[in-house]
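First comes the structure, then the notes that go with it.
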Amino acid sequence: MQESNTLQKLAVAALILGALSAWYSAGFDPGAAATYILEGRYVVVFPALVILFSFLFLPAVTIKPEVRR
């Protein structure tokens, strides 16, 4: 569970840093930064794959029978 949370935090950090880098390289123009993000795709794809990978670390859901007294 802790590894999954760590990977999700890493993915969010990568997304934020990628967006900030695109914004900086676009000369602080939000429209151009959005274009860079969409053209680059890696800024979005890498965090999405890391989040999907983090779900593999989560334990499978088990249904326990209800105990009646």
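The values are calculated or read from the model by the stated rules, or taken from the named source; none is laboratory data. On a predicted model such as this, the values are computed, not experimentally measured, just so you know. Reconstructed Cβ throughout: ideal geometry from the backbone, glycine too, with neighbour counts over all protein chains shown. Accessible surface is based on the protein model in full, side chains and every heavy atom, while ligands, DNA and RNA are left aside. Shrake-Rupley method; radii C 1.70, N 1.55, O 1.52, S 1.80 Å.
Odds and ends about this structure:
- Computed on protein heavy atoms with a 1.4 Å probe, the accessible areas place GLU3, GLU66, GLU39 in the order GLU66, GLU39, GLU3, largest first.
- SER4-VAL44 pseudo-label distance in nm [points 7 Å out on the Cα-to-Cβ vector]: 2.6
- Lys/Arg +1, Asp/Glu -1 at C-beta; the chain dipole; positive extreme among VAL43, PRO30, GLN2: GLN2
- Area of PHE57 that stays accessible when all protein chains are in place (1.4 Å probe, Å², to 10): 90
- Where the Cα pairs of segment 1-43 fall when distances are cut into 10 Å bins, in %: 31, 41, 19, 8
- A Gaussian network model of the chain, with springs between Cα atoms under 10 Å, assigns the largest mean-square fluctuation among PRO30, PRO59, PRO47 to PRO59.
- Among LEU15, LEU52, LEU38, the largest mean-square fluctuation in a Gaussian network model of the chain (Cα springs under 10 Å) belongs to LEU38.
- For the chain, the membrane-span-like helix rule (DSSP H, alpha carbon extent of at least 18 Å along the helix axis, mean Kyte-Doolittle at least 0.5) picks out 2-25, 42-55; this says nothing about an actual membrane.
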